[in-house]
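The values are calculated or read from the model by the stated rules, or taken from the named source; none is laboratory data. All values reported here derive from a predicted model rather than from experimental measurement. Every residue, glycine as well, gets a Cβ built from its backbone with ideal geometry; the counts of neighbours run over all protein chains shown.
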Amino acid sequence: MSAALDWLALIPETELERRPRLRLAMAWALALGERHNEAARQVERIFVSDSETTLRYECALILSAAAYYADESDRFVALFEPWAEAPPESASWLAQAHANRLAARAMLFDEPAQARQFQHDVQRGEVGKGLGYVIRWGDHIVGLSYLHEGQLRLAEDILVPALASAEDDLGRRHPLTCMIAATCAAIAYEGDRVDEAAGLLANRLDMLVRAATPETVALAYCTAARIAAARGKEHRALDLLEAMHALGMSRQLPRLCVVSLAEQVRMHAGRYRAQTCDALVRRIDEIVSGAVDRGALWHKLVALPQALAHADAAIASRNWQHALDKLALAQRLADTMKMGRYRIEIMVLRAFAEHQSGGDGRALLLEAQNLAQTFNAKRTLIDAHPALADWAQSLSDEGTAYAFASPQIMRPSTRAQTNGPRAVPSVVLTPKEREILELLARNLTNKEIARAATVGEGTVKWHLKNLFGKLDASSRKHAVRRALMLGLLEDTV
């Protein structure tokens, strides 16, 4: 797609007028990324030059895709609705694209099972360079549908082979590959496989920012922030969430801002920072009330994180009855939207709030634990609130099986000699490249790196060349900055 966009700047307008299919390809490339607003201009000219039905249908797909990437859910549905009951010929790749669009619409209508049914009904062709892209899009939607329901094991069963296939066919940093990897990272993190989750996101966040759907961007940033917090790097987690908020502001994607602020509220509520939480909640309310140009579907998508933020802020203030009221609202929203992941979190927070207000939340806690165990949502319980683990442990000491499984908490390296950024385990860099990168971040010379790594200077130069290539860096300092930005290095202070 990046190659197509590069060509767009070079191809004369007269040539595009002569070749509507070429213009169509350019419009697709624009729609599926950060330049989605430019897709409409290309499509308008196609409508003028050709009114053939199949071409008009594909133009509708492009415009609805652009709306989807712009997080304009209501416009996405409106643009596709006239074509929803008029699928193309089953032999065409458009049949799979049509099923993908129906599935995405079903997700917005709170019907994840129906989304999977649309994928099941379509006749799939052989996966290849062309059709393979739309087929993997279908796999991604199926995986997302299971993730929304909280069926993490089933989501992983779909997405892991889809990711391996996409990496082989499209490449590791292709936008769709990165989107599937981000979803896999969220699943791995929920299963308390923190290193695996970090490796799946490594060297991909920048590509997701440029060419992923808003929902996947939010999922990736929240997962990266939670990974940082689990490693004891709260400042890094908050920085990632602020970066997501800035992205939402610059791209006019207010849902990213809402999700960012709601996740910050959750983190601060765990430390009872009531004033900070209240200020963040006010910002969320201002964003939602100010989004008058967004439709009902969009407002429904932000209602749940908004309600949870209010509940977390009430918990931070130890206003337990208000917290229970807001959690009841969040529970109704999660039930309506079939958001199983959130239901478990809400249940355990309700149990905690009932306990704190003098009630008996033990039955609710046990039910939430049973569900978390069934769906392998280990981190959902741990991350909901730090005090939950202590309460569950006290109940366990009384002879009831309430204690949480111990989470994998990653801590910074204790190597006293490093005194600098630490390389994050990932599949992008080899162990030796990570070691060289750490030493490079300490501003050591090649000779000093060779001595510390017990290799020759020629080997150091070879590893540096590989690092520069993988990081797309032009100098030693540039390589370190790129590694920090991509999450391959993290500060140890």
Within region 288-307, the residues that are under 25 Å from Ala229 (Cα atoms) and either polar (S, T, N, Q) or not in a helix (DSSP H, G or I) (or both) are Gln306
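Select from region 250-287 the residues that are outside any helix (DSSP H, G or I) and within 20 Å of Ala387 (Cβ to Cβ) and list them in ascending order.
Initial filter on region 250-287 (outside any helix (DSSP H, G or I)): 252-253, 270-273.
Those that are outside any helix (DSSP H, G or I) and within 20 Å of Ala387 (Cβ to Cβ): Gly270, Arg271, Tyr272, Arg273.
I'm checking my understanding of the structure. Among residues of region 424-444 that are of a type in the set (D, E, K, R) and assigned to a helix (DSSP H, G or I), which one is surrounded by the fewest Cβ atoms within 10 Å (Cβ to Cβ)?
Within region 424-444, the first condition is being of a type in the set (D, E, K, R), and the residues that meet it are 432-435, 438, 442.
Filter again for assigned to a helix (DSSP H, G or I), leaving 432-435, 438.
Working: Lys432: 13, Glu433: 20, Arg434: 20, Glu435: 18, Glu438: 24.
Only one residue tops the list, namely Lys432.
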Test: residue in region 28-44 that is under 22 Å from Phe80 (Cα atoms) and at pLDDT below 70
no
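Mind listing whichever residues of region 46-71 are at pLDDT below 85 and either over 34 Å from the mean Cα position of the chain (by Cα) or on the phi > 0 side of the Ramachandran plot (or both)? If you could, list the steps in order and put the result at the bottom.
Let us first name the residues in region 46-71 that are at pLDDT below 85, namely 46-56.
Passing the criteria: Phe47, Val48, Ser49, Asp50, Ser51, Glu52, Thr53.
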Among helices (runs of 4 or more DSSP H) entirely within region 96-184, at least 3 residues that are of a type in the set (Asp, Glu) occur in 152-169
Those residues of region 461-475 which are crowded, with 17+ Cβ neighbours inside 10 Å and farther than 11 Å from Glu433 by Cβ amount to Ala473
Selection from region 154-183 of residues of a type in the set (D, E, K, R) and either at pLDDT 90 or above or farther than 21 Å from Trp28 by Cβ (or both) yields Glu156, Asp157, Glu167, Asp168, Arg172
Conditions (1) in a helix (DSSP H, G or I); (2) surrounded by fewer than 18 Cβ atoms within 10 Å (Cβ to Cβ) -> Ala330 fails only (2)
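Would you please name the residue that is modelled with the highest pLDDT, looking only at residues in region 80-108 that are exposed (fewer than 14 other Cβ atoms within 10 Å of the Cβ) and under 27 Å from Asp335 (Cα atoms)? Give the steps one after another, and end with the answer.
To start, the set of residues in region 80-108 that are exposed (fewer than 14 other Cβ atoms within 10 Å of the Cβ) comprises 81-82, 84-86, 89-91.
Remaining after also requiring under 27 Å from Asp335 (Cα atoms): 81, 84.
Numbers: Glu81: 95, Ala84: 92.
Going through the qualifying residues, I end up with Glu81.
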Log entry, pairs with first residue in region 185-196 being of a type in the set (Lys, Arg), second being modelled with pLDDT of 90 or more, beta carbons closer than 9 Å, six or more apart or on different chains, reads Arg193/Ile187
Here the residues within region 428-462 that are hydrophobic (A, V, I, L, M, F, W, C) and without any contact (Cβ under 8 Å) to a residue 24 or more places away in the chain are Leu439, Leu444, Ile449, Ala450, Ala452, Ala453, Val455, Trp462
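If you check Ala291 against the conditions, is it surrounded by 18 or more Cβ atoms within 10 Å (Cβ to Cβ) and either among the β-branched types (Val, Ile, Thr) or in contact with a helix residue (DSSP H, G or I) (Cβ under 8 Å, 6 or more places away or on another chain) (or both)?
Values: surrounded by 18 or more Cβ atoms within 10 Å (Cβ to Cβ): no; either among the β-branched types (Val, Ile, Thr) or in contact with a helix residue (DSSP H, G or I) (Cβ under 8 Å, 6 or more places away or on another chain) (or both): yes.
Here the answer is no, as Ala291 does not meet what is asked.
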Reported set for region 445-493 where residues are acidic (Asp, Glu), modelled with pLDDT under 80 and in a loop (DSSP other than H, G, I, E, B) is Asp491
